[in-house]
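Right, one structure below, let's go through it.
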Amino acid sequence: MSKMPNYISTTNACKLCRPLGAALAFRGIEGAVPYLHGSQGCATYMRRYIISHFNEPIDIASSSLSEKHAVYGGAANLKLGLKNVTSKYHPQLIGIATTCLTETIGDDVPRILQEYAKEEGTGQTLPLNVHVSTPSYAGSHMEGFHGAVKSVVEQLATAAPTKRSINLLPGLVSSADYRYLSEIMQDFGLSSTILPDLSETLDGPALMEYEKIPQGGTPLAAIRGMGGARATIEFGRTMNTNKHGSGGLSLQEHFACPNHCLGLPLGIGETDRLFALLETLSSRTTPHKYVQERGRLVDSYVDGHKYVFGKRAIIYGDEDLVVGLTAFLAEIGIKPVLCASGGKSGLLSEAVAAVTKGILGADEMPRVLEGMDFFDIAAEAEQLGPDLLVGHSKGAPLARKLNIPLIRVGFPIHDRIGGQRLLHLGYRGAQMLFDTVTNSLIEKKQNDSPIGYSYM
Amino acid sequence: MEATALKERESQIHRNGEKPFSIVCDKDSLAGAVSQRACVFCGSRVVLYPIADALHLVHGPIGCAVYTWDIRGALSSGPELHRLSFSTDLQEMDVIFGGEKKLEAALIELIDRHQPKAAFVYSTCIVGIIGDDLEAVCRKVERLKDIPVIPVQSEGFKGNKRSGYKAACNAMARLIGTGDTKDISKHSINILGDFNLAGEIWMIRDYFKRMGIEVVANITGDGRVNDIRRAHGAALNVVQCSGATMDLANMMEEGYGIPSIRVSYFGIEDMSEALYDVARFFDDPEIMARARELVQEEVAKIYPEIQKYKHALKGKKAAIYVGGSFKAFSLVKAFRMIGMDVVMVGSQTGTKEDYEELAEITDPGTIIVDDSNPLELSSFLTEKEVDIFVGGVKERPIAYKLGVGFCDHNHERKEALAGFTGMLNFAREVYSSVMSPVWHFVPRNSSSPGDKS
């Protein structure tokens, strides 16, 4: 395997900054307002970036720090900001993430929050605060997202009386995915707390009046009770828990709540692992509905297998999504030739090997590269001759250059509507993906053909 | 019902006719108010962005670069280096030990790879804190690579977007005066403050060409380093969007004695006036005659179709929230031309004079607002029963969520809205949003199954 040249500069990054992930996670908590302790631009840029995917309002508050705060510290503005958010939004919770500015000037956010509670707390009930440290120069949006989830459970979960419920920490998936996961849990008869839950907060209905804080999200009472859950299911084979811990591990450590870490349930293999666990946890067999979904999926794999077999795919994006997509593509006969991410967990290679075991032979393994940007990916693509790209919309220029289909998945999707309604997970998600991938390849062949067949 | 605006913000909202005009503006955004503003870096980045053969390297952690990747609809007729997002992607160790070495190496690597005509190096918040000496690094690489390497002092926290415009102008001022100005016509101009969104500057350049006027430099739409270097050879600076490039025009007036005029290319009225103003400046009857002919010709092409839209849109209500308030003047007039009433107008960074003028040209009851936020804007839309909201991407979901039409007039738009053709496109776009049948189904106009009676 040739080594990537080690470029110093980054061109067209394949990752986002850490506070953005935290803001997204906080958006999935009921009654919460995400808040960035930094200068105004960060919040505005991230709002714009998120809006372009979801087409939904997302209000992210900011300390709006200016030069004098950078010199003397941002404490006063953080307090003022919290006060203003409280009086305008009446939130139940304010999720505070730091930025590179406030991390570097050394603002001690926990201490400032204590002072704030002391100064403002008498005679009124303040919204809860959760804070997470998210310096943008360390890690990507995925560390920010998982870090926010971990902070939420560590700062809010209590040793609640033991219940039969299950904690589910899916990571950053689409609104449709969160909805589907909730449906699965219900159909297994499992009461569950899904944290966060972007199913409604970033995919809401048209409204008569603007909601200050959108409906939905994980209820605070449920989060408090997470310590009493029977088990936690956490998706993510590339969470570097040695370095960062995780929400699931924290719950295990503090409340002896057993943590089951699975990969994102993408494709049959990874979804079977989830359903096996759910069968155990619920002491039920998989509901008929899902047996049928799986059955139809297998049937469609058979119907379509020839159109996809041996096609070469480049998969890029968030590491866990890359792992899941690779598992799915490998199992339908597509040859993953490159798995690339801007993330740097150090675990991507191992995870790809684990999910493709038994399907890909030792000589069929894709190149797996972390810390990649789109300059690197394009250079690789030239060597690898891919038939399709699978990833978010930032690969569109490359797909256009290569004249191959881009299968849009994950976040962000900035050049199509409905990114939040893309379903990836479970048998139903695999069905969507399979139909999309297969039809894109057929369409490409049809368009390129001089004959223009009207049957496949 | 509680007031929508925070107490500290009340002075930044004016309702026409209720009280004598007064508005507070040009101040830092209030913490926690969810301002729609961005930052200094954003201001610099959007102004310099369209210079297509320059390298734009963002020195900082990845976010600042990645959120501004291909962000503008600024087109180029040649190189497209500006559409790539370059970053030093600073890491923890760089923050601790300083990022100068990494910056230098990244610059050299990228200049070798892309052979740009110049490089702009943007400072971000963190660079302002760790104290990297951008000037020194840029000077060193400039000597090494023999192209202008220019630091842009755009630390995010050092002011607002307007300070970023200033920093961008300072950066460009370092290029101006370094190119050869011979062979430039005496009837020559620089176009400042048009960013060639969806090809707008090509239209404007064509108008000037037809009038017999040479355009020396586009600043910055479809911009080229070598053109900007000789911009001081032009006889006149024609400045649109005064917020962004007025500083540069002032510097050029001071340094090179080049006068400037302020224009707008939005709407028939302002577009025509812009051409006449330029013709008047050159005081040449032939140029004026050609301008008249051009305006007549162009207006005749679009007028009938605009009348059709006007008929359909008459009496509909519009709200405007834009970055700089100068554009808002033209929008107010453009809406009038298609028979619509403007009931709210605001901007992120307007000046007191701007708002005063807006108050004068709008009807009683119109809300005028500085540095607003989603809660205020949504309440204005509801209160005024607006049919279309004009803004940028961040304003769009506020309108759509409430079932209100929307027209993107920000720098990401893909429709040309400047020039005579642009007015027609604008009317078409407003029409296609306001007249869509989908509004029949939104809650403000209909009930749905399951509504409680």
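Taken residue by residue and averaged, Cβ atoms of other chains lying within 10 Å of the Cβ of B:86-99 number 4. Cross-link partners of A:Lys83 among lysines, defined as those whose alpha carbon lies under 18 angstrom from its own and excluding same-chain residues fewer than eight positions apart: A:Lys118, A:Lys212, B:Lys7. The fraction of Cα-Cα pairs per 10 angstrom bin, counted from 0 for segment A:133-198, comes to 19, 42, 31, 8, 0 percent, rounded to whole percents. Of B:Asp94, B:Asp183, the sequence from fewest to most neighbouring Cβ atoms within 10 angstrom is B:Asp183, B:Asp94. Listed values for segment B:440-451 are Karplus-derived 3J(HN,Hα) couplings in whole Hz (6.51 cos²θ - 1.76 cosθ + 1.60, θ = phi - 60°), namely 4, 9, 6, x, 6, 10, 7, 9, 10, x, x, 4, and x replaces Gly and Pro.
If the chain linking B:Glu8 and B:Lys209 were pulled fully straight, counting 0.36 nm for each residue of separation and taking away their Cα-Cα distance, it would gain 67.4 nm.
Scalar couplings 3J(HN,Hα) for segment B:182-188, obtained by applying the Karplus form with A = 6.51, B = -1.76, C = 1.60 to θ = phi - 60°, are 6, 6, 8, 5, 6, 9, 9 Hz; x denotes Gly and Pro. Reducing segment A:395-448 and segment B:93-128 to their Cα centroids gives an inter-centroid distance of 35 Å. In terms of Cα atoms, the Rg and Dmax of segment A:18-262 work out to 17.4, 56 Å. Of the cross-linked pairs A:Lys88/A:Lys394; B:Lys317/B:Lys401; B:Lys394/B:Lys414; B:Lys140/B:Lys161; B:Lys166/B:Lys317, those separated by over 27 Å at the C-alpha level are A:Lys88/A:Lys394; B:Lys140/B:Lys161; B:Lys166/B:Lys317. Pairwise alpha-carbon distances in segment B:188-292 exceed 20 Å for 30% of all pairs. Here the peptides A:432-438, A:305-311, A:123-129 are ranked by packing, the mean other Cβ count within 10 Å, and the order with the highest first is A:432-438, A:305-311, A:123-129. Please list, in order, the residues from segment B:215-240 whose amide nitrogen is less than 16 Å from a point placed 7 Å along the Cα→Cβ vector of B:Asp183. Under cut-off, by backbone N: B:215-217, B:226-231, B:233-234.
In the protein assembly as shown, helices alone account for a calculated mean residue ellipticity at 222 nm of -14000 deg cm²/dmol, with every DSSP H run of four or more residues adding -39,500 (n - 2.57). For the segment B:395-403, counting C-beta atoms of other chains within 10 Å of every residue's C-beta and taking the mean gives 5. For B:Lys140 and A:Thr285, a Förster radius of 51 Å and the Cβ-Cβ distance give a FRET efficiency of 0.15, rounded to the nearest 0.05. Averaged over peptide A:66-74, the number of partner chain Cβ atoms lying within 10 Å of each residue's Cβ comes to 4. Among A:His414, A:His69, the ranking by other beta carbons within 10 Å of each residue's beta carbon, starting with the fewest, stands as A:His414, A:His69. Ranking of B:Val40, A:Val152, A:Val173 by neighbouring Cβ atoms within 10 Å, starting from the fewest: A:Val173, A:Val152, B:Val40. Summary value for chain B: 17 percent relative contact order, contacts being C-alpha pairs under 8 angstrom separated by 6+ residues.
So what is log10(I(q)/I(0)) for chain A at q = 0.05, 0.06, 0.08 1/Å, when the Debye sum runs over its Cα atoms only? Scattering profile of chain A, log10 relative to I(0): -0.18, -0.26, -0.47. In plain terms, the bigger the Kirkwood radius, the slower the diffusion; for segment A:290-448, with that radius from Cα pairs, at 20 °C and 1.002 mPa s, Stokes-Einstein puts D at 136 µm²/s. About its Cα centre, segment A:144-222 has a charge dipole of approximately 340 debye under the convention of +1 per Lys or Arg Cβ and -1 per Asp or Glu Cβ, with nothing else charged.
Contact order, relative form, for segment A:326-456: 17 percent (alpha carbon pairs under 8 Å, 6 or more residues apart, mean separation divided by residue count). Over the protein assembly as shown, all Cα pairs binned in 10 Å intervals from 0 give whole-percent P(r) values of 2, 12, 21, 24, 21, 13, 5, 1, 0, 0, listed from short to long. Spin-label model, B:Gln115/B:Asp133: points 7 Å from Cα along the beta carbon direction are separated by 3.3 nm. Relative contact order for segment B:188-292: 25 percent, from Cα pairs under 8 Å spaced at least 6 residues apart, divided by residue count. Distance from the alpha carbon centroid of segment B:299-331 to that of segment B:28-73 works out to 29 angstrom. When the Kirkwood radius is taken over all Cα pairs of segment B:314-414, what Stokes-Einstein diffusion coefficient follows at 10 °C and 1.306 mPa s, in µm²/s? Calculated translational D: 121 µm²/s.
Eigenvalues of the alpha-carbon gyration tensor of chain B, scaled by 5 and square-rooted, set the equivalent ellipsoid semi-axes at 37, 30, 19 angstrom, largest first. Across segment B:127-134, computed HN-Hα scalar couplings (Karplus, 6.51 cos²θ - 1.76 cosθ + 1.60, θ = phi - 60°) run 5, x, 7, 7, x, 4, 8, 5 Hz from first to last residue, x flagging Gly and Pro. Segment A:264-315 and segment A:158-196 have Cα centres spaced 20 Å apart.
In this structure the amide hydrogen of B:Ala119, modeled in the peptide plane, comes within under 5 Å of the amide hydrogens of B:Leu55, B:Val149, B:Ile150, none closer than 5 places in sequence on its chain. Convex hull volume of the Cα atoms of segment B:40-173, normalised per residue: 93 Å³.
Any read-out appearing in this document is the output of simple, stated calculations on the displayed coordinates, not a laboratory observation. Just so we're clear, the structure is a prediction, and the values are computed from it rather than from any experiment. FYI the Cβ positions are ideal-geometry reconstructions off the backbone, even for glycines, and counts take in every protein chain you see.
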